[in-house]
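The structure under discussion appears below in the form of structure tokens.
The values are calculated or read from the model by the stated rules, or taken from the named source; none is laboratory data. Just so it is clear, the model here is predicted, and its values are computed rather than measured. Neighbour counts run over all protein chains shown; Cβ positions are idealised from the backbone, glycine included.
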Amino acid sequence: MSKNSDPILTIVELLNNQNLSEYSNQIKETKFWKKLIPLKLKKFEKTGEFDFSFEIDDTITLDPTGYIVRDYKAEGTISVIDKGLQSSKGKLWEVKITITNPKAQVMARVRGRDVDNSLKVGIFVLDIQFDNSLLDGFGRDGILFAIRVKLRDLLLRATQN
């Protein structure tokens, strides 16, 4: 992943009463990822130290009004590279999600660092590639909107636990 890539989607949130060490120690476990993935999982298995396979069966909203909704079924893999502590920027992970059916790929960075009594989390989607069969060819904007909605929902739920 290029260090100078500008994200196509950025979400940064402050999670009150959370800390980085809680999550850093669990990142190699399927239980950790199952809670983080903002879609309903049919299957999720560990295939390597930082590699996982999954199957998804969910419904995705593709517009701000909530009118356009699609069923979404997919299978693929997640590969994570732990880049460690990055000075004052906190801990960095590079994440590659490869969906084999329908065909798609997402490259992202996730940063976390402690700020006072909170955890600051940044999710930066750097690249997304997909064939037109993904979500009935709804397009890149619809897919980015769906990702944003699901990730925001995920972070909201994390602050409520």
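Is there a residue in the stretch 125-133 that is touching a strand residue (DSSP E or B) at 6+ places or on another chain (Cβ under 9 Å), within 22 Å of Asn19 (Cβ to Cβ) and at pLDDT below 85?
From the stretch 125-133, those touching a strand residue (DSSP E or B) at 6+ places or on another chain (Cβ under 9 Å) are 125-131, 133; that's our starting set.
Keeping just the survivors that are within 22 Å of Asn19 (Cβ to Cβ) gives none.
Scanning the stretch 125-133, I find no residue that is touching a strand residue (DSSP E or B) at 6+ places or on another chain (Cβ under 9 Å), within 22 Å of Asn19 (Cβ to Cβ) and at pLDDT below 85, so the answer is no.
Scanning the stretch 57-72 turns up one or more residues that are touching a helix residue (DSSP H, G or I) at 6+ places or on another chain (Cβ under 7 Å) and either of a type in the set (Phe, Trp, Tyr) or modelled with pLDDT of 85 or more (or both). In the condition set (1) farther than 16 Å from Ser24 by Cβ; (2) loosely packed, with under 14 Cβ neighbours inside 10 Å, Phe124 is compliant with all but (2). Every condition in (1) at pLDDT below 80; (2) of a type in the set (D, E, K, R); (3) farther than 23 Å from Val115 by Cα holds for Lys35 except the one numbered (3). Taken over the stretch 14-63, residues that are assigned to a strand (DSSP E or B) and touching a Gly at 6+ places or on another chain (Cβ under 8 Å) amount to 2. Give the residue that is farthest from the chain's Cα centre (by Cα), with candidates limited to residues of the stretch 64-88 that are among the hydroxyl-bearing types (Ser, Thr, Tyr) and part of a strand (DSSP E or B). Step by step, filter the stretch 64-88, then rank; the result is Tyr72. Here Gly66 passes the criteria (1) exposed (fewer than 13 other Cβ atoms within 10 Å of the Cβ); (2) touching a residue at least 24 places away in the same chain (Cβ under 8 Å) except the one numbered (2). Within the stretch 92-103, the residues that satisfy the criterion of being under 22 Å from Lys40 (Cα atoms) and either modelled with pLDDT of 85 or more or not in a strand (DSSP E or B) (or both) are Val95, Lys96, Ile97, Thr98, Ile99, Thr100, Pro102.
The condition of being at negative phi and in contact (Cβ under 8 Å) with a residue 60 or more places away in the chain does not hold for Val110.
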